[in-house]
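Here the structure is laid out as structure tokens; the discussion comes afterwards.
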Amino acid sequence: MRTLPHCSVVVVGGGLAGGLVARQLARRQISTVVLERGGDRHGGAESRLPTQRDELRWDVRTGLMQDAATETYTFRREATATARPMRRLAAFLPGTGVGGAGSHWGGQVFRWADYNLSLRSRFEQRYGPQAIPEDMPIRDWGVRYDELEPYHDLFEKLFGVSGQAGNLRGVIQPGGNPFEAPRQNPYPQAPLERTEAGQIFQDVVTREFGYRPFPSPAALSSGAYENPDGMRLGACQYCGHCERFICEANAKGTPDLLLYPWLARQPGFTLRTHSHVLAIEHDPASRRARGVRYLDLATGEELFQPADAVVLAAFTLTNTRLLLSGRLGQPYDPATATGAVGRNFCYQANSGIAVFMRDRWINPFLGAGCTGTIIDEFNDDNFDHAGLGFLGGGYIGVNVTGGRPIGARRLPPGTPRWGTAWKRANAEWYAHSFSIGVQGSCYPHRGNYLDLDPDYTDAFGQPLLRMTFDFRVNEEKLSAYCTGQAARIAKAMGATILGPAAPRTAPFDARFYQGTHVTGGTPMGADPATSVVSPRLQHWEVENLFVVGASVFPHNAGHNPTGPVAALALRLGDDLARYTAKPGRLS
Amino acid sequence: MLPGTVQPAAPSAASAGPADAAPVIYQSLGPNEAAFVERLVEVMCPADEFTPGGVACGLAVYIDRQLAGAFGRGERLYQRGPWRPGAPADGYQLPLTPERFFKLGLAATDEFCRQQHGRAFAALSSPEADALLQAVASGRAAHPAVALHTWFDELVYPLFEQACFADPIHGGNRDKVFWKMIGYPGLPAVNGLNIVRYRGKPFPGARAPQSMEDFG
């Protein structure tokens, strides 16, 4: 194995988190190497017209995502069961390539309600300690929102986020999300256009219920935009080929457009594509990471990249996997609830209800990945849970993203599955239907965790990661409640037909997409016994190892995770600049 | 036709669309298999006021190309052991490529059909074929070796929907007939003004959808 020239920081994963860490380092000219297993897809059929507009290839067949034949995950619902591999990745879709999943995301950028960072304290104060079930290890994250606020602000500016402020320096703003954490500045761009379905939702929840709907904050550019680094975005054209696609119009805020081309011009920065990381090499005696061993896919050669500090910024599940395979930290044991690596693995409890309105032209093809109109009245702890028997909640809203005809048609209950009657229903309802969706929180459960599978390996001969996960009573109750609220709203719309209100329930079903917002496995926290990294994302045992991404979340909220991921990554970049100047435990 | 005989697939070119269309060469399906698939798409997509019959819409060609191509060969499918049978919610767990599984299910359905009707599926009348597919799709058709319900739900039906609604470049949805049926405008490059102008109104582009080949 050949050893490469030393660098200050090596980053595993060329996605959103890794790119943001690298940006903060490059501004200070700290030598950084980012290792990305995939390639750069700009210039290929996936980012060019007309081939970009291929629903079958990029959406149905998930042509941009991680290839399960190379690496997948095994899963089971209880620790007593035998796991099976997800032979086809469907429930969630990890990205690969420069920009990671951020190259083909839908662009939803939330600031979670600030109490999420001290969730246990919040619940104990509001409902009493006994309200938190014993098997729900929620915790305070060890970071305050006011520490993260400048980084949320910076990320919104870097990615040109379009939205309507809801809480400007503590003053609630009309038309915004009144539950969002307070912000120092408005969004850098005006919100995207509202869809017809969004207008219907907005009118009904305002008029009938007095809720406060707001446009989904979007890293989709509502106008021409130049960010603080001089990187530019064009205006979104609402083409309907957004989430799961690479934007050919350069209108989507992505790491591959806004971060890596800028980084390529900075002295001391190196991006190595087709570099598949095999292991973090560390010296147990000195408790230091020496660097990263990886396979150069272009030559088949194993290489070693030594560095002063190692940053794990791969996909959520990969972060956990590399710590487990590298024997870094104590693996979690659900029997005793001891050990930290793999714990607090969470997903989301998403659900929906279909709405059919004969006299309204929904035109679902006029949309983008994040042209949503939503309410937060039933999210997280924005409502009183006394007597409800569960904790958490979800946002409720409509997000018409493109009406792509293989996957986004809706048919009334009872429609035959083929034949002339099936065609008639498609013809009648395609342009006149939409769904109200719920994105439900998922709190950790003692029995939900990650470890290495004993039987299955990937294309490189390394063990697959094993998920032990199911939706637990808390998710089922919150999903029933929030889906019921969505159904109340749907009924008030005066719809011609409503689909069934279908809350998320166990058992977890690996066949259907339920969102890629998996979190946890390397949770942050103040207690080294139950957390993998400190509140500054520094590994508790190996001081020069840092982990960033949704893998550090101790729980998952009813919002998309990218906002907090980005804020934590930018803060980590600044912390690493301090660390490389003066190594030691960061506080 | 005598019981047990099968209509060969040769005439498909004649029924497959415009007179000037190239003859269909199936790349995965043999004659009996092609006859089964052509019967299937004609039943699931009969010629009616919405579209021509399934063969003329290119649906059999789409399915054949998918089976012969990367999808049928198991692209993006993890195919390492150990192999463990699973419940439906565990997803696909067979050590078969989708092409092999498709053909296994096809043969099993034909076997079930012969037990019920004394004839191959391709030789059934439309009402008979429809009833048989209903039995398969609902789980009423049992076969000792193949879970026909799973086969239909997770392989055949998605291929049928894709054949109807994917871009015609993949072989189905010929002449964008299904896009016209539902009013999907296809692949316009810019809707920045349209999303405002046609919010809540009929969209003119829905009458003349554009596919990849129209683009430029």
Tell me, which residue of segment A:39-78 that is small (Gly, Ala, Ser) and farther than 21 Å from A:Ala91 by Cβ is surrounded by the most Cβ atoms within 10 Å (Cβ to Cβ)? A:Ser47
Which of the numbered conditions does A:Glu55 fail, given that it passes all the others? Conditions: (1) within 14 Å of another protein chain (Cβ to nearest Cβ); (2) farther than 30 Å from A:Tyr456 by Cβ; (3) free of Cβ contacts under 8 Å to residues at least 24 places away in the same chain; (4) not aliphatic (A, V, I, L, M). (3)
Within the set of pairs 6+ apart or on separate chains, which have a first residue in segment B:41-62 that is more than 8 Å from every other protein chain (Cβ to nearest Cβ), a second that is surrounded by fewer than 18 Cβ atoms within 10 Å (Cβ to Cβ) and among the aliphatic types (A, V, I, L, M), and C-beta atoms under 8 Å apart? B:Gly53/B:Ala47; B:Ala56/B:Ala47
Filter result for A:Val292 (part of a strand (DSSP E or B), touching a helix residue (DSSP H, G or I) at 6+ places or on another chain (Cβ under 6 Å) and under 21 Å from A:Val11 (Cβ atoms)): no
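If I go through segment A:25-55 residue by residue, how many of them are over 20 Å from A:Thr299 (Cα atoms) and under 21 Å from the mean Cα position of the chain (by Cα)?
The first filter runs over segment A:25-55 and keeps only residues over 20 Å from A:Thr299 (Cα atoms), leaving A:25-32, A:42-55.
Subset that is under 21 Å from the mean Cα position of the chain (by Cα): none.
Adding up the residues that qualify gives 0.
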Selection from segment A:422-454 of residues that are among the hydrophobic types (A, V, I, L, M, F, W, C), out of contact with any helix residue (DSSP H, G or I) (no Cβ under 6 Å at 6 or more places or on another chain) and facing chain B (nearest Cβ under 9 Å): A:Trp422, A:Trp429, A:Ala431
Filter result for A:Leu35 (more than 8 Å from every other protein chain (Cβ to nearest Cβ) and more than 16 Å from B:Ala70 (Cα to Cα)): yes
Within segment A:503-551, which residues are surrounded by fewer than 18 Cβ atoms within 10 Å (Cβ to Cβ) and charged (D, E, K, R)? A:Asp509, A:Arg511, A:Asp527, A:Glu541
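If you go through segment A:251-258 one residue at a time, do you hit one that is among the acidic types (Asp, Glu) and surrounded by 24 or more Cβ atoms within 10 Å (Cβ to Cβ)?
The answer is yes, given that some residue of segment A:251-258 is among the acidic types (Asp, Glu) and surrounded by 24 or more Cβ atoms within 10 Å (Cβ to Cβ).
Which one of these is surrounded by 20 or more Cβ atoms within 10 Å (Cβ to Cβ), part of a loop (DSSP other than H, G, I, E, B) and more than 8 Å from chain B (Cβ to nearest Cβ): A:Val21, A:Val98? First the steps, then the outcome.
Numbers: A:Val21 fails: part of a loop (DSSP other than H, G, I, E, B).
Criteria check complete, one pass: A:Val98.
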From (1) farther than 21 Å from A:Gln52 by Cβ; (2) in contact with a Leu (Cβ under 8 Å, 6 or more places away or on another chain); (3) of a type in the set (Ser, Thr, Tyr), pick out the condition that doesn't hold for B:Ser211. (1)
Those residues of segment B:41-71 which are over 11 Å from the mean Cα position of the chain (by Cα), in a loop (DSSP other than H, G, I, E, B) and under 18 Å from B:Leu155 (Cα atoms) amount to B:Gly69, B:Ala70, B:Phe71
Enumeration of residues in segment A:351-366 that are crowded, with 21+ Cβ neighbours inside 10 Å and touching a strand residue (DSSP E or B) at 6+ places or on another chain (Cβ under 8 Å): A:Ser351, A:Gly352, A:Ile353, A:Ala354, A:Val355, A:Phe356, A:Ile362, A:Pro364
Criterion first (among the charged types (D, E, K, R), in a loop (DSSP other than H, G, I, E, B) and either modelled with pLDDT of 95 or more or at negative phi (or both)) does B:Glu38 satisfy it? no
Has segment B:114-121 got any residue that is outside any helix (DSSP H, G or I), surrounded by fewer than 16 Cβ atoms within 10 Å (Cβ to Cβ) and more than 9 Å from every other protein chain (Cβ to nearest Cβ)? yes
If you go through segment B:176-192 one residue at a time, how many are touching a residue at least 40 places away in the same chain (Cβ under 8 Å) and more than 8 Å from every other protein chain (Cβ to nearest Cβ)? 1
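Per-residue answers, yes or no, for (1) within 14 Å of chain B (Cβ to nearest Cβ); (2) modelled with pLDDT of 95 or more; (3) in a loop (DSSP other than H, G, I, E, B):
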| site | (1), (2), (3) |
| --- | --- |
| A:Tyr456 | yes, yes, no |
| A:Tyr481 | no, yes, no |
| A:Gly484 | no, yes, no |
| A:Ala490 | no, yes, no |
| A:Pro507 | yes, yes, yes |
| A:Gln514 | yes, no, yes |
| A:Ala526 | no, yes, yes |
| A:Ser551 | no, yes, no |
Just checking, how many residues over segment A:215-243 are within 14 Å of chain B (Cβ to nearest Cβ), assigned to a loop (DSSP other than H, G, I, E, B) and under 21 Å from A:Pro50 (Cα atoms)? 8
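Being surrounded by fewer than 18 Cβ atoms within 10 Å (Cβ to Cβ), facing chain A (nearest Cβ under 7 Å) and in a loop (DSSP other than H, G, I, E, B) is the filter here, so list the residues in segment B:193-216 that pass it.
B:Gly200, B:Lys201, B:Pro202, B:Phe215
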Could you tell me how many of the residues in segment A:20-59 are modelled with pLDDT of 95 or more and farther than 25 Å from B:Pro168 by Cβ? 21
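The values are calculated or read from the model by the stated rules, or taken from the named source; none is laboratory data. Quick caveat, the model's predicted, so the values are computed rather than measured. Don't worry about glycine lacking a Cβ; one is built from the backbone with ideal geometry, like all the others, and counts go over all protein chains shown.
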